[in-house]
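As structure tokens, the structure follows; a few thoughts come after it.
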Amino acid sequence: MHAPTKSFFDITTNTASYVVRDPSGTSCAIIDSVLDFDYASGQTDTKAADQIIAWVKSEGLDVKWILETHAHADHLSAAPYLQERLGGKIGISEQIKVVQDTFGKVFNEGTEFERDGSQFDRLFNEGDSFHIGQLRGDVMYTPGHTPACVTYVLGDAAFVGDTLFMPDFGTARCDFPGGSSAKLYQSIQKILSLPDETRIFVCHDYKAPGRDVFAWETTVGEQKARNVHVGAGKDQDSFVQLRDARDAQLSMPKLIIPSLQVNMRAGNMPQADENGDVYLKVPINKM
């Protein structure tokens with residue numbers, strides 16, 4: 001079944017968000033939304049999310065799901081803001097509990113921070129399914145970038161999060177806690193086992209050298225043939241060597257510290273302090 005998809009690209013964080021709709025009705029899902037955040041001032045803004053809200057309302061759509069492919073380290077999720085205004089259930093991988101446990105310790109969150117995934121409405125496992133009206137969604141567990149990554153297969157489309165980028169840019173980093181280049185390779189092979197004509201929607205694009213425009217839609221066939229990291233039958237050992245060497249040269253994402261504190265809470269800010277203000281922590285020499 002064809003899954004009609006509207007894309008929204010946030011150039012500040014290079015993030016592609018999506019609205020996927022039931023072709024036979026008004027039900028839809030929002031995938032990987034963005035809450036604008038200026039780190040220097042500590043100010044949030046909802047410009048990116050408001051664009052999605054305006055489009056959903058203009059199309060008369062009914063939001064059933066607000067989905068996260070993983071706990072993002074490069075942008076804050078707007079899931080609670082969208083849910084308050086549009087409804088829908090917030091879903092993520094069951095393995096978010098691993099991320100919560102890991103970063104609950106990094107940020108010294110204490111016992112008041114629940115590490116059971118209860119901040120989300122639905123925790124998905126490999127093989128789970130859900131529906132957006134008549135459109136069925138299937139969940140593939142695709143760890144490697146993080147231990148809580150999933151791919152959502154909706155009709156003829158797969159929303160792969162940070163497992164794959166466009167073929168000319170390659171694949172996602174694996175050096176965050178719980179990441180694994182070997183697991184990422186295996187997860188990518190699962191994705192590439194889908195039919196060649198399956199449309200792949202990636203979560204980020206940074207314009208590969210020589211490409212002048214941003215892009216975020218490709219196909220399984222194109223990835224198998226042309227992905228510069230895993231295409232043309234590259235084996236796991238070669239990929240792991242390439243990926244690990246590349247990761248050793250990368251700096252941390254600019255928004256990793258605020259993003260993880262918010263996204264492991266399903267997009268909610270930490271509890272306000274006794275003075276009524278909200279604060280984010282910066283762990284020293286921990287990341």
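The values are calculated or read from the model by the stated rules, or taken from the named source; none is laboratory data. Not measured: the values here are computed from a predicted model. Glycine also receives a Cβ, built like all others from the backbone with ideal geometry; neighbour counts cover every protein chain displayed.
Taking the stated definitions as given, is residue 198 within 30 Å of residue 246 (Cβ to Cβ), touching a residue at least 24 places away in the same chain (Cβ under 8 Å) and more than 16 Å from the chain's Cα centre (by Cα)?
The answer is yes for residue 198.
So, in region 51-82, of the ones that are among the hydroxyl-bearing types (Ser, Thr, Tyr) and in contact with a helix residue (DSSP H, G or I) (Cβ under 8 Å, 6 or more places away or on another chain), which residue ends up farthest from residue 148 (Cα to Cα)? So that I can check it myself, show each step before the final result.
We begin by selecting, within region 51-82, every residue among the hydroxyl-bearing types (Ser, Thr, Tyr); these are 58, 69, 77, 81.
Cutting the leftovers down to in contact with a helix residue (DSSP H, G or I) (Cβ under 8 Å, 6 or more places away or on another chain) gives us 77, 81.
Details: 77: 15, 81: 22 Å.
It comes out as 81.
How many residues are in contact with a helix residue (DSSP H, G or I) (Cβ under 6 Å, 6 or more places away or on another chain) and buried (at least 20 other Cβ atoms within 10 Å of the Cβ) when one looks only at region 83-107?
The total comes to 2.
Looking at region 1-14 only, could you name the residues that are hydrophobic (A, V, I, L, M, F, W, C) and either crowded, with 16+ Cβ neighbours inside 10 Å or in a strand (DSSP E or B) (or both)?
Kept after step one, since they are hydrophobic (A, V, I, L, M, F, W, C), are these residues of region 1-14: 1, 3, 8-9, 11.
Residues satisfying the conditions are 3, 8, 9.
When you scan region 275-285, do you find a residue that is without any contact (Cβ under 8 Å) to a residue 24 or more places away in the chain and of a type in the set (Phe, Trp, Tyr), even just one?
Within region 275-285 (the criterion being without any contact (Cβ under 8 Å) to a residue 24 or more places away in the chain and of a type in the set (Phe, Trp, Tyr)), the answer is yes, since at least one residue qualifies.
Quick one: which residue in 104, 91 is of a type in the set (Gly, Ala, Ser), within 26 Å of residue 174 (Cβ to Cβ) and touching a Leu at 6+ places or on another chain (Cβ under 6 Å)? If you could, list the steps in order and put the result at the bottom.
Numbers: 104 fails: touching a Leu at 6+ places or on another chain (Cβ under 6 Å).
Among 104, 91, only 91 is of a type in the set (Gly, Ala, Ser), within 26 Å of residue 174 (Cβ to Cβ) and touching a Leu at 6+ places or on another chain (Cβ under 6 Å).
Condition first: farther than 25 Å from residue 98 by Cα, hydroxyl-bearing (Ser, Thr, Tyr), out of contact with any Asp or Glu (no Cβ under 6 Å at 6 or more places or on another chain) and outside any helix (DSSP H, G or I). Now tell me which residues in region 26-84 satisfy that.
Hits for region 26-84 are 39, 41, 44, 46.
Working only within region 47-70, note down all residues that are more than 22 Å from residue 132 (Cα to Cα) and crowded, with 21+ Cβ neighbours inside 10 Å.
Filtering region 47-70 for residues more than 22 Å from residue 132 (Cα to Cα) gives 47-48.
The answer is 48, and nothing else.
For the structure I just gave you, tell me whether residue 17 is part of a strand (DSSP E or B), under 16 Å from the mean Cα position of the chain (by Cα), over 20 Å from residue 267 (Cα atoms) and at pLDDT 95 or above.
Working: part of a strand (DSSP E or B): yes; under 16 Å from the mean Cα position of the chain (by Cα): yes; over 20 Å from residue 267 (Cα atoms): no; at pLDDT 95 or above: yes.
No, not satisfied.
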